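**Student:** Okay, here's the structure, questions in a sec.
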Amino acid sequence: MSQPLRHLLSIGDLGRAGIERILDRALSFAEVSGREIKKVPALRGRTVVNLFYESSTRTSSSFELAAKRLSADVVSIRASGSSVDKGESLRDTVETLSAYDPAAIVIRSPHVGAASLVAGWTEASVVNAGDGKHEHPTQALLDVFTLRQRIGPLEGRSIWIVGDVLHSRVARSNILAFQAMGARVTLAGPPTLLPRGIEQLGVEVTPQLDALADADVVYVLRMQQERMEAAYIPTLREYAQRYQINPGRLRPGQLVMHPGPVNRGVELSADVIDSAVSLIGEQVKAGVAVRMAVLYELLVGSPRLAAVA
Ligand code: ASP
């Protein structure tokens, strides 16, 4: 077995073998999620803290369910309604929560690098649940899981990531994960929303959708208006005209993914979201099993615990 993992801050922390190990375990946790009693005792007596400084529906609910299905005690803190509102610094908050001796801290923050800072301040394992526009590794894992379930190995597959790549932590983590699994990745979108120099990651980059038929999978990104300090596109309407993924732009056999939340009618047309080519519902479902597998990997697979067990 390769080096045990203490934190999950970036997809780069896992090689292909690490990704596969987590996804194989997620498959057995998916089976647990299908049972009437959806619980296993793996983390009984241990505490998981979810610390969300940015809005979230899918990620926060699925981390909470994942920890509960592993029988952990769970404390979920959102910026609004906590002392974070009163200006308590991230470091103070983490030190306060560390008094509960958590086994894991799951953190989402609007700031790049927040999860790795937290990892330096606590004994707990830290999971990056999204740090600004940097990374969102568990999203990438659940996306690879969903695709493996639907189309098998990603080796040699073509995946197009379309839209606001510039502000997307999902794009960054997914490029790394898809490539690690042997897929070819193409980025498409308005030139203003494609980061300069991103070709260095070994991706194809295009401002046009003309060759979209090449894609086996079209991965659509949300326009991240909350992260845009300037006007990157003339109007959303014009963006939709040029880049919206709708039935007219897809060929039979292609699959469509989106990390959510979707701006219906902007990056994706409503009829595609609700059609059989959309994997969006499967992505959400995969979130719980994959996050169970991540917590298990960090908390049960670690050498500290192996010594205690
Ligand atoms: N939910 C994803 C994220 O937190 C994608 C998005 O918000 O567009 O990054």
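**Student:** Mind counting lysine pairs for me in the chain? Cα separation below 27 Å, and the two need to be 8 or more apart along the chain or on different chains. Present the calculation step by step, with values, prior to reporting the outcome.
**Tutor:** Numbers: 38/68; 38/285; 39/68; 39/285; 68/285; 86/133; 133/285.
Lysine pairs meeting the criterion: 7.
**Student:** Turning to a different aspect of this structure: With angles folded into 0 to 90 degrees, how steeply does helix 16-33 sit against the dominant principal axis of the chain? Use alpha carbons for both and round to 10.
**Tutor:** So the helix axis and the longest Cα principal axis differ by about 80 degrees.
**Student:** Tilt of helix 169-180 relative to the longest C-alpha principal axis of the chain, in degrees (0 to 90, nearest 10)?
**Tutor:** So the inclination is approximately 90 degrees.
**Student:** Once you compute Rg and the Kirkwood Rh from C-alpha atoms, what is the Rg to Rh ratio for segment 152-232?
**Tutor:** Details: Rg = 12.3 Å, Rh = 12.8 Å.
With Rh from the inverse mean 1/r over Cα pairs, Rg/Rh is 0.96.
**Student:** Pick from 229, 54, 31: which is most flexible by mean-square fluctuation in a GNM of the chain where alpha carbon atoms under 10 Å apart are linked?
**Tutor:** 229
**Student:** If only Cα atoms are counted, what is the Rg of segment 33-101, and what is its Dmax, in Å?
**Tutor:** My reading of the Cα-based Rg and Dmax gives 13.7, 43 Å.
**Student:** Turning to a different aspect of this structure: Which residue fluctuates the most in the chain, going by a Gaussian network model with Cα springs under 10 Å, if the choices are 41, 207, 102?
**Tutor:** Maximum among the listed residues: 41.
**Student:** Let me ask another. Test of understanding: in a Gaussian network model of the chain with alpha carbons linked when under 10 Å, which of 22, 175, 37 would top the mean-square fluctuation ranking?
**Tutor:** Its mean-square fluctuation being the largest, the pick is 37.
**Student:** Have a look at the chain and give its Rg and Dmax from the Cα atoms, expressed in angstrom.
**Tutor:** 19.3, 59
**Student:** Okay, moving on. To the nearest 10 degrees, how steeply does helix 58-69 sit against the main Cα axis of the chain, on a 0 to 90 scale?
**Tutor:** Between helix and principal axis, roughly 30 degrees.
**Student:** Okay, next question. Report the charge-dipole magnitude of the chain in Debye, nearest 20, computed about the Cα centre from +1 at each Lys and Arg Cβ and -1 at each Asp and Glu Cβ. Before the final figure, lay out each step's value.
**Tutor:** On the way: 34 positive and 32 negative charges, 107 e Å.
My answer is approximately 520 debye.
**Student:** Show the residues, 5+ positions off or on another chain, whose built amide H is closer than 5 Å to the amide H of residue 133.
**Tutor:** 112
Just so you know, all these numbers are worked out from the coordinates, no wet-lab data involved. The structure displayed is predicted, hence computed values, not measured ones. FYI the Cβ positions are ideal-geometry reconstructions off the backbone, even for glycines, and counts take in every protein chain you see.
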